[in-house]
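In what follows, a single structure is set out as structure tokens and then discussed.
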Amino acid sequence: MKKIIFLTALCCLYISRVFSQGSSAVFTDLPVIFLKKSASVHLLSDKRISYLNSSLPGVSLEQPAEGLIRIGLADSVSIAYGDGILTLAGAEGFTQFRLIYNHSFPDSVFRPNMRIGLSDWKPLGSQEEKIGEQELKSLAHDLLKSRKGIFQTREDRYGIKARLNKVSTLGDYIFIDLSFYNKSHIGYDIDQLSFSLEDKKITKATNSQSVPIIPEVSLFETKSFKRLYRNVFVFKKFTFPGNKVFKVQLNEKQISGRSISFPIRYSDVLDADVIVH
């Protein structure tokens, strides 16, 4: 009994240490799945799962039977440790777990199977209490302090590089952190930064449809930049079908101005970090 209490306290201490790093309030408050190369973890679910994604390289995900998910580590995984997010989604909602492997814990904390309870599932379009604009801006500002995120260059044209820094969620809101780098010696005067849902494929026989998505809050009101423009935009939670993409487009004021655009994938939204509020 004393050994179990000690191991439980040790796990809690590790998770508390990981979560407390940095001054930002943004981190993943998720159930933990410990992985090791010598064995697989199986998840049991009463809900049908149609989407599986791991943010960690070297993690294999399989669905050998309906309601059964196998999680394993490839033999090629050689980094010191892994810390990422597992996302599972279906028609009725989604659920997320924190994946940790190659840590110094004893084998007794490893759980070879886990059941996903009904309370673990979150609806994709849940309605929650409205948060005020100033509070949303304060939370958006905290995102700028967080070192955790996607940090992927999504487009690089005309001397302008666009980067998706991170996507986070809080209740009924989605926070999107973007950066634009001006590598040229000519300043960039912003005409418009717009967001829309667009058709993935456009054919001559099909009328394409563009649906503007207006952010609830923009952290900064920047009109021009010489080198770097970074901003956080807050949207009411939305979903979009597989034949659509969420498009970001930045336009310059001049007639022959530089324009750059890129899509944000639905998987980016599903894999978003959870803001603890």
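The values are calculated or read from the model by the stated rules, or taken from the named source; none is laboratory data. Since the model is a prediction, treat every value here as computed from it, not as a measurement. Positions of Cβ are backbone-derived with ideal geometry, glycine not excepted, and every protein chain shown enters the neighbour counts. The protein model used for the area step is the full one, side chains on, heavy atoms only, and it has no ligands, DNA or RNA in it. Shrake-Rupley method; radii C 1.70, N 1.55, O 1.52, S 1.80 Å.
Key figures
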{"read-out": "Cβ crowding within 10 Å averaged over residues, with 262-275, 108-121, 163-176 ranked highest first", "value": "163-176, 262-275, 108-121"}
{"read-out": "Potential lengthening between Glu221 and Asp156 on full extension [0.36 nm per residue; Cα-Cα distance subtracted]", "value": "21.1 nm"}
{"read-out": "Rounded, prolate or oblate (a/c below 1.5 giving rounded, otherwise prolate when a/b exceeds b/c) for the range 206-271 by Cα gyration tensor", "value": "oblate"}
{"read-out": "Intensity falloff of the range 141-277 expressed as log10 I(q)/I(0), Debye formula with alpha-carbon point scatterers, at q = 0.13, 0.20, 0.21, 0.22 Å⁻¹", "value": "-0.58, -1.29, -1.39, -1.48"}
{"read-out": "By average C-beta atoms within 10 angstrom, highest first, the peptides 211-217, 177-183, 90-96, 63-69", "value": "177-183, 90-96, 211-217, 63-69"}
{"read-out": "Carbon/sulfur fraction of accessible area - the range 145-263, other protein chains in place, 1.4 Å, %", "value": "49"}
{"read-out": "Environment charge at Leu219 (Cβ cut-off 15 Å; Lys +1, Arg +1, Asp -1, Glu -1)", "value": "-1"}
{"read-out": "Interchain or long-range residues, amide H under 5 Å from Lys166's placed H", "value": "Ile150, Phe151, Asp177"}
{"read-out": "Cut-off under 5 Å, modelled amide H: who pairs with Val32 long-range", "value": "Arg98"}
{"read-out": "Computed FRET value (nearest 0.05) for Glu66 with Asn243, which takes r as the C-beta separation and R₀ as 30 Å", "value": "0.75"}
{"read-out": "Inter-probe distance in nm under a simple model that places probes 7 Å from Cα toward Cβ, at Phe110 and Ser210", "value": "5.3"}
